[in-house]
Amino acid sequence: MERTLVLIKPDGVRRGIVGEVVSRIERKGLKIVALEMRTLDTDTAKTHYEEHAEKPFFGSLVEFITGGPLVALVVEGGRAIEAFRALAGATDPVTAAPGTIRGDFALEVQQNIVHGSDSTYSAEREIKLFFPDLG
Ligand code: DAT
Ligand code: MG
């Protein structure tokens, strides 16, 4: 069993598609083991996206992700990391395949609805950051 951190970003919450995203996760057969709505502070957002600290879009990314409530989930299943990334689709929603969350619901790269950890290393780090008490 593997766990991954999923975020339904503030754009997803604003657009009222939390249920849609949760439903796609459940339909796939992945198990939700934690779920919480919260608004990120700047420090947590910077830590979450630390691998992008040197990118030109970092400041705007941090502003966006702290700009409203988001929903954080821990999702579990066999190959959960890869399974959720496949549900999410490519980073750029314009090239993300139709049928994926990003391909179906977004047009701009920053406002691409969801985050999913990209490796076992980042999943562990991100789950600890968002849910330090999860056993
Ligand atoms: P992913 O979320 O698919 O793992 P990433 O880790 O490369 O993508 O980037 C993190 C987020 O940063 C991404 O979901 C949206 C934003 N982002 C990525 N590339 C960008 C760019 N060129 N301009 C603006 N925002 C970008
Ligand atoms: Mg990433």
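Where a number appears in this text, it was derived from the coordinates with a stated rule and is not lab data. The structure displayed is predicted, hence computed values, not measured ones. Cβ: placed from backbone, ideal geometry, glycine included. Neighbour counts: every protein chain shown.
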| At most 10 other Cβ within 10 Å, DSSP loop - GluC sites (Glu not before Pro), segment 1-73 | 54
| remark: Counting only DSSP loop positions in segment 75-122, the trypsin sites (Lys or Arg not before Pro) whose Cβ has at most 16 other Cβ atoms within 10 Å are 79
| request: Using +1 at the Cβ of each Lys and Arg and -1 at the Cβ of each Asp and Glu in segment 1-71, identify which of 12, 70, 22 lies farthest towards the dipole's positive end. | output: 22
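Can you check what the net charge comes to around residue 110, using other residues whose Cβ is under 11 Å from the Cβ of residue 110 (Lys, Arg +1; Asp, Glu -1)? List each step's numbers first, then the result.
Details: positive: 9; negative: 11, 63, 92, 108.
Taking every other residue near residue 110 into account, the sum is -3.
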| remark: If each K or R counts +1 and each D or E counts -1, the residues other than residue 81 whose Cβ falls under 12 Å of its Cβ total -3
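In deg cm²/dmol, rounded to 500, what helix-only [θ] at 222 nm does the chain give when every DSSP H run of at least 4 residues adds -39500 (n - 2.57) and the total is split over its residues?
Values: 7 runs with 56 residues, N = 135.
Counting only the DSSP helices, I get -11000 deg cm²/dmol.
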| message | Could you tell me the extents of the chain's C-alpha atoms along the three principal axes, largest first, rounded to whole Å? | response | 36, 35, 24
| query | Reachable lysines from residue 55, Cα under 22 Å, same-chain residues fewer than 8 places away excluded? | reply | 9, 46
| Amide H neighbours of residue 2 under 5 Å, counting only residues 5+ apart in sequence or on other chains, H built in-plane at 1.01 Å? | 77, 78, 79, 80
| Hz values of 3J(HN,Hα) by residue in segment 79-89 - Karplus curve (6.51, -1.76, 1.60), Gly and Pro given as x | 6, 4, 4, 5, 4, 6, 4, 5, 5, 5, x
